[in-house]
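Readers should treat all values here as calculations from the given coordinates under stated rules, not as data from a laboratory. Fair warning: this is a prediction, and the values are worked out from it, not measured in the lab. Cβ: placed from backbone, ideal geometry, glycine included. Neighbour counts: every protein chain shown.
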Amino acid sequence: MASRPKRLKSRIRDVFLLQGIIAVVLVLIGTVVGSQMLAAGLLRDRIRNESDRMWELVQRDPAKPLPNGFGYQAWFVPAGKQPDAVPPQLRVTSPGFHRDADGSSMIYVGEHAEGRLYLRVEPVFATNLVRWVSIFAATLSLIAIATLSWLGHRRFRRMMAPLERLSHAAERWRPESTAPPGLTESSTIHEPLDEVERLRHALIDMTSRMDAFVRRERDFTRDASHELRTPLTVIRMAGDLLQHEEGLDARGTRAVRRIQEQSQQMEGLIDAFLLLARDPRLPIDVTETSLAEVVESEIEHTRPRLEGKPVAMRLQVNACPVVDAPLRLPGVVLGHLLQNACDFTERGEVAVTIDMDRIEIRDTGVGMDAATLSRVFEPFFRADVATESRGLGLNVVRRLVERMGWTVTLDSKPGVGTTAILRFA
């Protein structure tokens, strides 16, 4: 089952959420990297300041031990003397800035003419300062991002409101009704948007044209139903009168019967095309129809097509299904399938089987290859064979079947024949 498309409002919300997540990640990464760089810079500045102060103390009194303070320790070794008071791990350290073995403190070794200065500084103060500054900066950044995202999302929601109103109005519109108020009235009075207004006017124009189309369709259906049926009724009544005319020979009787059959077939075709011309959402008039009786009637109508051919017409009734369908349409569909079977069969048989949920029409005609079979339901398509059916197209047959909620399938092999299956349950 296909998933329902996401609404534009949800997509915009997702975009804002994604932007917020990306911004938060970038802020956190920037905070971590910046805090490390800031801590290292502060620590180096403190070491430089402390080393300058220690050298001043050494110059005043080289023999006096250097003081230790909060977070740092200092040792001075006069030139030419052994660094016995210096911790062993610092004695081998070369001049410059270093990290101790466990990375917990920064070591500075400075060398002047007076001797060598060892300074070890614990980064506690700098680390704590940077941590709180980073937390404060990150918090302000996150608050700013959240505020801007909320304001932007609110702004977009206000911009989307007219589109949502137009969307709801378009969903409520039906071809048989007038345009809803959401289309005929401006949806952007408080904040005009040119694009939304143009869309609204385009929808109003579309609904007007659709209303006109529906009216034309209704007028055509009414007029066609009357104007086409009237001459057919006259023809059928004239045929009935001719049938009872005295002195009519066998040839004339067959001609009159042919006129009556074609008149009935034309009435069915009119009903079929009028049904297809109507809006599929509108209800259709149905009546209980015995499909076995319809099949028997259509077999009698199509049997003359087999005259002069060594083809047998067989009927097997396994059930007598009764369905709700428009009055003449089952006969139109079954009649066309039977006509095709008779027209494309030169020898053998046309077998009709009636079951409770389907009707199967099998012939031993010329059949069709896979390429032809894949196109038989296309509009105006005809198989490239010597015999051509002049009845209703299979495309229209399938549309009628689907309109009634049924299905029709074909199975065919060249030189073997074709099987049409009409499923109605």
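With labels modelled as points extended 7 Å from the Cα through the Cβ direction, what inter-label distance (nm, one decimal) is found for Arg44 paired with Val322?
9.9 nm
Ranked by Cβ crowding within 10 angstrom, fewest neighbours first, how are Ile299, Ile359 ordered? Write down the numbers at each step before the final one.
Details: Ile299 18, Ile359 24.
Going from sparsest to densest Cβ surroundings: Ile299, Ile359.
Once you have the alpha carbon radius of gyration of the chain, what is it after dividing by 2.2 N^0.38 Å, with N set to its residue count?
On the way: Rg = 47.1 Å, N = 425, 2.2 N^0.38 = 21.9 Å.
Cα Rg divided by the expected 2.2 N^0.38 Å: 2.15.
Once you keep just the Cα pairs under 8 angstrom separated by 6 or more residues, what percentage relative contact order results for the stretch 8-141?
In percent, rounded to a whole number, it is 26.
Does the stretch 209-368 come out rounded, prolate or oblate, given a ≥ b ≥ c as the square roots of the eigenvalues of its C-alpha gyration tensor, rounded meaning a/c under 1.5 and, failing that, prolate meaning a/b above b/c?
oblate
Any idea how far apart Ala113 and Leu151 come out in nm if each label point goes 7 Å out from Cα toward Cβ?
Between Ala113 and Leu151, the label points sit 6.4 nm apart.
Compute the FRET efficiency between Met266 and Ser10 as 1/(1 + (r/R0)^6), taking r as their Cβ-Cβ distance and R0 = 56 Å, and round to the nearest 0.05.
Taking R0 as 56 Å, the efficiency between Met266 and Ser10 is 0.55.
In which sequence would Glu288, Glu402 go, from the one with the fewest C-beta neighbours within 10 Å to the one with the most?
Glu288, Glu402
Cut-off under 14 Å on the C-alpha distance; same-chain residues fewer than 8 positions from Lys64 excluded. Which aspartates and glutamates are left, in chain and number order?
Leaving aside aspartates and glutamates fewer than 8 places away in the same chain, those within reach of Lys64 are Glu56, Glu114.
How would you classify the stretch 5-59 from its alpha-carbon gyration tensor, with a ≥ b ≥ c the square roots of the eigenvalues: rounded for a/c under 1.5, else prolate if a/b is greater than b/c, otherwise oblate?
The shape class here is prolate.
Which residue fluctuates the most in the chain, going by a Gaussian network model with Cα springs under 10 Å, if the choices are Phe16, Phe136, Phe344?
Greatest mean-square fluctuation among the candidates belongs to Phe136.
Pick out the long, greasy-scoring helices in the chain: whole DSSP H runs spanning 24 Å or more along their own axis by Cα, mean Kyte-Doolittle at least -0.5. Write out the running numbers ahead of the final one.
Details: long enough: 8-60 (77 Å, 0.48); 124-172 (68 Å, 0.44); 194-243 (72 Å, -0.58); 250-277 (40 Å, -0.16).
Qualifying helices, which must be both long enough and hydrophobic enough, are 8-60, 124-172, 250-277.
When the Debye formula is applied to the Cα atoms of the stretch 8-141, each taken as the same point scatterer, what base-10 log of I(q)/I(0) results at q = 0.09, 0.10, 0.22 Å⁻¹?
-0.41, -0.47, -1.25
In the Gaussian network model of the chain, springs joining C-alpha atoms below 10 Å, which of Leu26, Leu57, Leu228 carries the largest mean-square fluctuation?
Judging by the Gaussian network model, the answer is Leu57.
Report relative contact order for the chain in percent, whole number only (criteria: Cα-Cα under 8 Å, sequence separation at least 6).
Rounded, it is 9 percent for the chain.
Over all directions, how big on average is the projection of the convex hull of the alpha-carbon atoms in the stretch 215-284, in square nanometres? Intermediate results must be reported in sequence, preceding the final value.
Details: hull surface 20.6 nm².
In nm², the orientation-averaged hull projection of the stretch 215-284 is 5.1.
Work out, step by step, the length gained on full extension between Thr139 and Ser374: first 0.36 nm times the residue separation, then minus their alpha carbon distance; give nm to one decimal. Please report the intermediate quantities before stating the final value.
Numbers: separation 235, 0.36 × 235 = 84.60 nm, distance 6.62 nm.
Difference between extended and current length: 78.0 nm.
Using a basic spin-label model with each label point 7 Å from the Cα along Cα→Cβ, how many nm lie between Arg60 and Leu276?
11.1 nm
Using helices alone, I'd like the mean residue ellipticity at 222 nm for the chain: each DSSP H run of four-plus residues gives -39500 (n - 2.57), total over residue count, nearest 500.
The helix-only estimate for the chain comes to -19000 deg cm²/dmol at 222 nm.
From the Cα gyration tensor of the stretch 287-423, with a ≥ b ≥ c the square roots of its eigenvalues, which class applies: rounded if a/c is under 1.5, or else prolate if a/b is larger than b/c, or else oblate? Let's see the in-between values first.
Working: a/c = 1.73, a/b = 1.25, b/c = 1.38.
It is oblate, given that a/c is not under 1.5 and a/b is not larger than b/c.
Using θ = phi - 60° and the Karplus form 6.51 cos²θ - 1.76 cosθ + 1.60, what ³J(HN,Hα) does each residue of the stretch 353-359 get, whole Hz, x for Gly and Pro?
For the stretch 353-359, the Karplus-derived couplings read 10, 10, 10, 5, 10, 7, 10 Hz, x marking Gly and Pro.
Per 0.36 nm of contour for each residue apart, how much would the distance between Arg303 and Glu217 grow if the chain were fully extended, relative to their Cα-Cα spacing?
27.3 nm
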